[in-house]
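Student: The structure follows.
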Amino acid sequence: MRSISRVCDVSINTVSKMLVDMGKFCAGFHDENVRNVHSKRVQVDEIWSFTAAKQKNVDAMKKPVDGAGDTWTWTALDADSKLIVSHFVGGRDAHCAKVFINDLASRLATRVQLTSDGHRPYLEAIEGAFGADVDYAMLVKIYGAAPESAKGRYSPADCTGIRKTRIEGDPDEKHVSTSYVERSNLTMRMHNRRFTRLTNAFSKKFENHAHMVAIYSVWYNFVRIHKTLRVTPAMEAGISEKVWKWEDVLEIFDEQAPKPGRPKKYKKNNSN
């Protein structure tokens, strides 16, 4: 953000305000346009990051901020069109799982086969949102003991097997997978500086992190051409007829954004 402010010769506060305004707009854009999705298979997962400080260091912060600590981004991906159907930024508890799954259910137009990892809050959340109108299975990966060379790394030990468990309905076992959504989360981490590990680029405010995820989702769904599909996920899912450009999104943003008021006049304080 500071690099952009220097390149554009504007205050970093201006960049921060534009991030907030664009984040709110993109959240509304996604909410309005990603509706009645005709999907067959949906995969859900969570991607970790942190705000202000890692969870273990929050108590030692000199100036604690709201939302500091572990920050989880929940994503739901259509396995065929690669569309991010729903996203939610919060904790990793049962309440956040319910909010996320309820939002996902409200965007789907058809019965789907749903796959998640073994995170237990999914069980109650999916039962409450879908009832029996879903083919749901859990996929749990089994990891072996980490070798000495792997200790201290972020990557887990080698996966030695998987366990597929039917929870509801009649899911097709060969499509019980979370590979697509995990790859999508890797794309999010690689394209979004706030998710980069071992840097000082992490989000300093929880709200700004959520705004950035909203902006990224619009770019991923409507602007970015998927290399395999050769169209955008939104076009493949049938909710868009064209490849959007940021100019198209900004045009709508400018039409809906409130007109700026008269700039404030600041006076130099000469008092001692």
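The values are calculated or read from the model by the stated rules, or taken from the named source; none is laboratory data. If you're wondering where the values come from, they're calculated on a predicted model, not measured in any experiment. Reconstructed Cβ throughout: ideal geometry from the backbone, glycine too, with neighbour counts over all protein chains shown. Ligands, DNA and RNA are excluded from the accessible area calculation, which covers all protein heavy atoms including side chains. Shrake-Rupley method; radii C 1.70, N 1.55, O 1.52, S 1.80 Å.
Student: What percent antiparallel are the DSSP beta bridges of the chain, to the nearest 5?
Tutor: Antiparallel bridges make up about 75 percent of those DSSP assigns within the chain.
Student: Ok, one more. Strictly over 30 Å apart at the Cα level, which of Lys24/Lys82; Lys24/Lys245; Lys98/Lys205; Lys174/Lys205; Lys205/Lys245; Lys54/Lys174 would you flag in this model?
Tutor: From Lys24/Lys82; Lys24/Lys245; Lys98/Lys205; Lys174/Lys205; Lys205/Lys245; Lys54/Lys174, over 30 Å: Lys174/Lys205; Lys54/Lys174.
Student: Also: Semi-axes of the equivalent ellipsoid of the stretch 3-85: what are they in whole Å, largest first, if each equals the square root of 5 times a C-alpha gyration tensor eigenvalue?
Tutor: 31, 22, 11
Student: Now a separate question. To the nearest 10 Å², what's Phe206's accessible area with a 1.4 Å probe?
Tutor: 60
Student: Once the Cα atoms of helix 12-33 and of the chain are each reduced to a long axis, what angle between those two axes, in degrees from 0 to 90 to the nearest 10, is obtained?
Tutor: 40
Student: Rounded to the nearest 20 debye, what is the charge dipole size of the chain about its Cα centre when +1 sits on each Lys and Arg Cβ and -1 on each Asp and Glu Cβ?
Tutor: Computed about the Cα centre, the dipole is about 1620 debye.
Student: Would you kindly calculate the translational diffusion coefficient of the chain, applying Stokes-Einstein with the Kirkwood radius from alpha carbon pairs, for 20 °C and a viscosity of 1.002 mPa s, and quote it in µm² s⁻¹ without decimals?
Tutor: 104
Student: Once the Cα atoms of helix 121-130 and of the chain are each reduced to a long axis, what angle between those two axes, in degrees from 0 to 90 to the nearest 10, is obtained?
Tutor: Around 90 degrees separate the two axes.
Student: Can you tell me which aspartates and glutamates have their Cα less than 18 Å from the Cα of Lys204? Leave out same-chain residues fewer than eight positions away.
Tutor: Qualifying aspartates and glutamates at Cα under 18 Å: Asp21, Asp59, Asp66, Asp70.
Student: Here's something else I'd like to know. Per DSSP helix of 4 or more residues, -39500 (n - 2.57); summed, then divided by the residues of the chain. What does that give at 222 nm, rounded to the nearest 500?
Tutor: -11000 deg cm²/dmol
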